[in-house]
Amino acid sequence: PVTKIVGPHGPALGSLLVELARAQADLLVLGRVANQSSPNIRKLSGIAYLSGGDTWVDVPRMFGLAFTQPDKVHLKEAADPDWPHALALLEEMSTVFAGFDARMQTLLVNM
């Protein structure tokens with residue numbers, strides 16, 4: 001496995017990668033915040049907020065057609081009932097992934 005290339009730091013890296021994969025699944029795929037299921041997975045999966053907006057998303061959305069990317073609550077849609085949930089998801093993503101960044105930086109410094 002990839003963890004063998006970092007020698008004695010392999011187990012720590014392996015654990016970190018497993019935890020990161022689980023966090024990515026929870027936040028980016030399932031849109032889970034604070035261990036709660038997404039109230040609207042159509043607009044509240046984290047991956048929707050990582051993919052940018054463009055014409056190929058905006059035009060179909062205006063006409064109620066299928067998208068090439070997941071839908072999301074846009075910044076100009078503060079009246080959307082999912083707005084508070086979108087903010088909570090974004091805050092959770094920021095906090096969780098910043099924590100992984102810090103842990104990865106610490107691991108790299110110690111290698």
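Computed quantities for the displayed model
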{"read-out": "Selected residue (only one of Asp82, Asp101 is at negative phi and open to solvent by 40 Å² or more (accessible area, probe 1.4 Å))", "value": "Asp101"}
{"read-out": "Scope the stretch 10-66; condition closer than 30 Å to Asn110 by Cβ and among the hydrophobic types (A, V, I, L, M, F, W, C); matching residues", "value": "Ala12, Leu13, Leu16, Leu17, Val18, Leu20, Ala21, Ala23, Ala25, Leu27, Leu28, Leu50"}
{"read-out": "Residue within the stretch 64-80 that is at pLDDT 95 or above and within 17 Å of Ser45 (Cα to Cα) present", "value": "yes"}
{"read-out": "Residue match in the stretch 21-35 (condition: at pLDDT below 90 and over 17 Å from Thr95 (Cβ atoms))", "value": "no"}
{"read-out": "Considering residues of the stretch 17-67 that are touching a helix residue (DSSP H, G or I) at 6+ places or on another chain (Cβ under 6 Å) and of a type in the set (A, V, I, L, M) only, the residue surrounded by the fewest Cβ atoms within 10 Å (Cβ to Cβ)", "value": "Ile47"}
{"read-out": "Candidate set: the stretch 72-90, residues that are within 14 Å of the chain's Cα centre (by Cα) and touching a residue at least 12 places away in the same chain (Cβ under 8 Å); chosen: the one farthest from Asp26 (Cα to Cα)", "value": "Lys72"}
{"read-out": "Helices (runs of 4 or more DSSP H) fully within the stretch 44-111 counting 2 or more residues that are out of contact with any Lys or Arg (no Cβ under 6 Å at 6 or more places or on another chain) and within 30 Å of Pro8 (Cβ to Cβ)", "value": "83-109"}
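The values are calculated or read from the model by the stated rules, or taken from the named source; none is laboratory data. What you are looking at is a predicted structure, and each value in this text was computed from that prediction instead of being measured. Positions of Cβ are generated from backbone atoms using ideal geometry, with glycine treated the same way; all protein chains shown enter the neighbour counts. When the accessible area is computed, the model is the full protein with side chains, heavy atoms only, and any ligands, DNA or RNA have been set aside. Shrake-Rupley method; radii C 1.70, N 1.55, O 1.52, S 1.80 Å.
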